[in-house]
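S.K.: Handing you this structure, nothing more for now.
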Amino acid sequence: MIKKFIHQFASPKTYLYQVNRFYPYIFYSSLVIYIISLIWGLFFTPEDFVQGNSYRIIYLHVPASFLSQSLYLAMAVASVTYLVWRVKLAAYLIIAIAPIGAMTTFIALISGSIWGIPTWGTWWQWDARITSTLILFIMYLGLISLHNSFSNFEKADKLTSWLVIIGAVNIPIIKKSVDWWSTLHQSASITLTEKPTIDVLMLYPLIGSIIGFLGLITCLVLTSSKYQILIREKTKSWIRDYV
Amino acid sequence: MFNFAFNSFEEAIYMNGHGIYVWIVLFIVVSCITIFFITYRKKIQKIKKKLNESN
Amino acid sequence: MNELKLEYLKLKKKTRSWLGPILVFWLIMLAFPLTVEFMQDKLEIGFFSVLWIAILISMMLATEDIFIEDYNDGSLEQTIIKNTSFQFLISIRIIVYWLMIGVPISILSFIFSLGTSEDLLLSISVIPLSIISSYIFLNLFALGSALSLNKGSLLGALITMPLALPVLIVLGKSIIAFQLGINYLEFILLLLGCLSIIIIAVPIIVSFIIKAHLE
């Protein structure tokens, strides 16, 4: 049943038409949410009594950091879908997500480093979470290099899927690293299981910025997957009708 | 909940000396996202043009 | 047992493949004191870090041609077509590589450690760590080698080295734990746990990857 469902709704053609239908709604709503949340967070939340105003970087850093890991997880799900059910679209999504994942990880690293200057007094610290995020960034680059090194797309997709699944082991390490090695980095302010440690005045714009950024990155993934479909399905007759 | 956290707009930009860090990060985030959007749009337009020509 | 003997003879014939990584390990460990002002206490500070990285690099070099020759001459394809378990064969090959490269390097690690720290117990504690870690590294780099089969070892190293980094963290912590007299055994058990998962999973994944290459 799952197989039937996936094959019915995951054909590149259906996907492409659905993307075009929903894209503007997702894009504009998330852009509005993101801008409002940023203005709210940057100008209308009180100053942190320990970190001062530098804590406002949280509204830019946390969404990127959250997505850097989530996108890898999404790639892992797509990889399993591709290897188990041979869904072509899943393979396109893997390579569509990889560069965007690398970008969000880059943003998380850079914003974290800049945040570190006024907070820790240093732009880089060999802290567990920072180091594992850097590892994640290298893994994204490795995935892209592996995929690009093969001219045969099918082979590249299969090998990249395997690497993504193996690399997914790294995600819980990143998540738990702060607790395991307990270094300079503060613990997560929002978790699924516990009450947020951040004040509600700061929390709401943070949630908004995460949702807005998630929406924008989703749009970026949709655009990039659209490009992958156009490249990979260019010989198909429906593509000519579509264009 | 929606009280302006600063006394003036200049103060909001300066943020007690922390403004520079916040604005640099904002600039990086916005430019990264914009560059990616523009690049993919251009790539899509290019491939569409190619496909149209071959049609 | 026959497979083990066959793989051993195959590797034994390729002197460069098994002797090369051991010599590289040796050279890195010899090069280390040359970069530090020659004072015993200063040597000890970075010794273990260099040791783990030297093991990592040697294992990376060891797996450089673990599958490529068989891939090029078509014997990998033959093995898959045959009814014998391909995963089993991969496990055997990794074991042979470990016995001929990993174990000698672990013994050398003990000798270098004894020469540097002059602490027999600490040097003995290095043996299980290097034996287990070399096996873990061999498995991981074999995976990288399979993924980048005909694309050069650089790509393989790039994609698998991040996976090996958590092991380095555990190795570093283990030595500190031993020096402080706490949790050393727990770290060994943690490494053994990782190894038990890896030795089962890696041959299966590698066999799928090689099949994907040959399709």
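Throughout, read-outs are computed from the coordinates displayed, never taken from laboratory work. As the structure is a prediction and not an experimental result, all values here were calculated from the model. Counting neighbours? That spans all protein chains shown, and the Cβs are built from the backbone with ideal geometry, glycine included.
S.K.: What does the structure give for C:17-23 when I average, per residue, the other chain Cβ atoms found within 10 Å of the residue Cβ?
M.R.: 0
S.K.: Could you list the square roots of 5 times each eigenvalue of the Cα gyration tensor of the range C:175-215, that is, the equivalent ellipsoid semi-axes, sorted largest first and rounded to whole Å?
M.R.: 36, 9, 4
S.K.: Net charge near A:W162: determine it from the other residues with C-beta under 15 Å of the C-beta of A:W162, scoring Lys and Arg +1 and Asp and Glu -1.
M.R.: Once positives and negatives cancel, what remains is +2.
S.K.: Let me ask something else about it. Based only on Cα atoms, what Rg/Rh ratio does the range A:17-101 have, Rh being taken as Kirkwood's radius?
M.R.: The Rg/Rh ratio comes out at 1.13.
S.K.: Could you give log10 I(q)/I(0) at q = 0.17 Å⁻¹ for chain A, computed by the Debye formula over C-alpha point scatterers of equal weight, without solvent?
M.R.: Calculated log10 I(q)/I(0) at the listed q: -1.30.
S.K.: Further, regarding this structure: Pairs to check: A:K88/A:K236; A:K88/B:K46; A:K234/C:K211. Give those whose C-alpha atoms are more than 20 Å from each other in this structure.
M.R.: Where the Cα-Cα span goes over 20 Å, the pairs concerned are A:K88/B:K46; A:K234/C:K211.
S.K.: Report the gain in length on full extension from C:L9 to C:L180: 0.36 nm times residue separation, minus Cα-Cα distance, nm rounded to one decimal.
M.R.: 57.2 nm
S.K.: Something else about it: Just checking the output field for C:168-175: average partner chain Cβ neighbours within 10 Å of each residue's Cβ?
M.R.: 1
S.K.: Need one number: nm distance between label points at C:W26 and A:F153, each 7 Å from Cα along Cα→Cβ, rounded to one decimal.
M.R.: 5.1 nm
S.K.: What angle, in degrees between 0 and 90 and rounded to the nearest 10, separates the Cα long axis of helix A:58-85 from the longest principal axis of the Cα atoms of chain A?
M.R.: The angle comes out near 30 degrees.
S.K.: Still on this structure, I have one more. Shielding of A:113-124 by partners, i.e. mean partner chain Cβ atoms within 10 Å per residue?
M.R.: Across the residues of A:113-124, the mean count of other-chain Cβ atoms within 10 Å is 2.
S.K.: Report the rotationally averaged projected area of the range C:2-214 based on its alpha-carbon convex hull, in square nanometres.
M.R.: 11.8 nm²
S.K.: Take the Cα coordinates of the protein assembly as shown, assign each an equal point scatterer, and use the Debye formula without solvent to give log10 I(q)/I(0) at q = 0.06, 0.08, 0.12, 0.13 Å⁻¹.
M.R.: Log10 I(q)/I(0), no solvent term: -0.35, -0.62, -1.18, -1.28.
S.K.: Next question. Using every pair of alpha-carbon atoms in the range B:9-54, split the distances into 5 Å bins beginning at 0 and state the percent of pairs per bin, rounded to integers.
M.R.: Whole-percent P(r) values from 0 Å outward: 5, 19, 13, 13, 10, 9, 9, 7, 6, 5, 3, 1.
S.K.: Hey, another quick one. If you line up the long axis of helix A:128-148 against the longest principal axis of chain A, both from Cα atoms, how many degrees apart are they, to the nearest 10?
M.R.: Tilt relative to chain A: about 20 degrees.
S.K.: Let me ask something else. If we count other beta carbons within 10 Å of each Cβ, what is the order of C:S58, C:S196, C:S123, fewest first?
M.R.: C:S196, C:S123, C:S58
S.K.: Would you order B:T39, C:T160, C:T116 from fewest to most other beta-carbon atoms within 10 Å of each residue's own beta-carbon?
M.R.: B:T39, C:T116, C:T160
S.K.: Nearest 500 deg cm²/dmol is fine: what mean residue ellipticity at 222 nm does chain C get from its DSSP H runs of n ≥ 4 alone, each adding -39,500 (n - 2.57), divided by its residue count?
M.R.: Mean residue ellipticity at 222 nm (helix-derived): -28500 deg cm²/dmol.
S.K.: How large is the helix-only mean residue ellipticity at 222 nm for chain A, computed as the sum of -39500 (n - 2.57) over DSSP H runs with n ≥ 4, divided by its residue count, in deg cm²/dmol to the nearest 500?
M.R.: Calculated at 222 nm, the ellipticity per residue is -27000 deg cm²/dmol.
S.K.: If one takes the longest principal axis of the Cα atoms in chain C, at what angle in degrees, from 0 to 90 and to the nearest 10, does the Cα axis of helix C:103-117 lie?
M.R.: 10 degrees
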